[in-house]
Amino acid sequence: MKITSAKDIKNPSALRILYANPGIGKTSTIKYMPGKKLVIDLDGTSSVLKGLPNIDIVQINDPENIKEELPKLLKEIKETTDYDSIALDNISEMDSAILNEYGQKGKNNGIPSLKNYQQLQFYDLNMLRYLKTFKKQVLVTAWELTDDYVDESTGQSFTRSYPQVREPILQNIMGLAMQVGRLIVSPKDKKRYVMLSPTNSVFAKNQIDHREFCLQEDLFKDAEPKTVSKKAS
């Protein structure tokens, strides 16, 4: 029986979700992942990683059949032990491509049916659950969506930012990840930061450490792990 002390665990393997508007730097964040990295390029933006060491890029052989091809690719990747980190870039474009595939193969003049949207939700959740079994550093990127939200208890209104995934499963997807971060560019110093603490305006989550935000390049660095407080214990 192999026993490991919790205090000796560093930089735990985890599923992270990083979201931002296009052009903010989601794909560039991949270069800060530890070890040898494999990028599953679903939105054609991997060129920003050009010339960087320890990064391999793979694309779907048949983009018009991504729904069938991606599970095969993920299975092949899982059986490959050469990579320390895996990045899926990005889930928002993947969802759009799959819905388009459903529409093209359906009987509704290219428009996905309600059933297709439900099928996509299960597809997304099953894929993320499978990625968690890799026991590696996994980063899933997404575009950012915003909406206007009114808190029923206070009457206050907020503009919320959250990952562009199917809204009915947004909470489920965030529950599967250990970190959900919003990537922003600070207007003060022009540096890129990842917001890791939830607010009324930002969907975020951090079950790895105590950081409320960090620099883009520090996202995967070791930090003080979360511990159970004496009061709670």
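Where a number appears in this text, it was derived from the coordinates with a stated rule and is not lab data. What you see is a predicted model, and the numbers here were worked out from it, not measured in a lab. Neighbour counts run over all protein chains shown; Cβ positions are idealised from the backbone, glycine included.
Taking every DSSP beta bridge that has both residues in the chain, what percent is antiparallel when rounded to the nearest 5?
Expressed as a percentage, antiparallel bridges in the chain total about 40.
Report the trypsin sites (Lys or Arg not before Pro) located in the range 116-208 that are in a DSSP loop and have at most 16 other Cβ atoms inside 10 Å of their Cβ, or state none.
LYS135, LYS188, LYS190, LYS191
For the chain, which DSSP H helices look membrane-span-like by this rule: Cα extent along the axis of 20 Å or more and mean Kyte-Doolittle of at least -1.0?
Sorted by number, the helices that extend far enough and score high enough are 91-105, 114-132.
Sort all Cα-Cα distances of the chain into consecutive 5 angstrom bins from zero, then give the percent of pairs in each bin up to the one containing the longest distance.
1, 6, 13, 17, 19, 17, 12, 8, 5, 2, 1, 0, 0
Give me the distance in nm between label points sitting 7 Å out from Cα along the Cα-to-Cβ direction at GLN156 and ILE111, one decimal.
Taking the simple label geometry, GLN156 and ILE111 are separated by 4.0 nm.
Rounded to the nearest 0.05, what FRET efficiency is calculated for ASP84 and GLU64 with R0 set to 35 Å and r the Cβ-Cβ distance?
E(calc), rounded to 0.05, equals 0.65.
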